[in-house]
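Have a look at the structure below, then the notes.
The values are calculated or read from the model by the stated rules, or taken from the named source; none is laboratory data. In this text, all values refer to a predicted model and were calculated from it rather than measured experimentally. Here the Cβ positions follow ideal geometry from the backbone for every residue, glycine too, while neighbour counts run over all protein chains shown. In case anyone asks, the SASA skips ligands and DNA or RNA and just uses the protein heavy atoms, side chains included. Shrake-Rupley method; radii C 1.70, N 1.55, O 1.52, S 1.80 Å.
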Amino acid sequence: MSEELTASLIALLGEEGLILLAEKFGGRRLYVPGEIKADHPITEALGEERAGKLAALYSPAQIRVPLART
């Protein structure tokens with residue numbers, strides 16, 4: 001599942017987006033709400049466009065954010 005989620009997140013957010021997400025939340029469960037406001041930690045980490053994409057695909061749910069290895 002982890003490899004599938006990683007591939008899905010790269011397709012959705014791009015490699016840079018996955019790295020930004022992993023730097024902030026890597027290795028943790030992250031609740032993705034249906035509406036992510038500008039001051040939400042996910043938006044602060046990814047920016048509004050990427051946060052919106054994440055919410056559109058994964059909300060409302062928890063995901064286990066993969067660790068990014070560069």
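Checking residue 63 against (1) more than 12 Å from the chain's Cα centre (by Cα); (2) touching a residue at least 40 places away in the same chain (Cβ under 8 Å): exactly one of these is not met. Which one?
Answer for residue 63: the failing condition is (1).
Please go through region 37-54 and give me each residue that is assigned to a helix (DSSP H, G or I) and over 19 Å from residue 7 (Cβ atoms), ordered by number.
Across region 37-54, the qualifying residues are 41, 42, 43, 44, 45, 48, 49, 51, 52.
Do the conditions hold for residue 57, that is, is it open to solvent by less than 60 Å² (accessible area, probe 1.4 Å), assigned to a helix (DSSP H, G or I) and touching a residue at least 40 places away in the same chain (Cβ under 8 Å)?
no
Could you check how many residues of region 4-33 are open to solvent by 60 Å² or more (accessible area, probe 1.4 Å) and farther than 14 Å from residue 66 by Cβ?
Of the residues in that region, 2 qualify.
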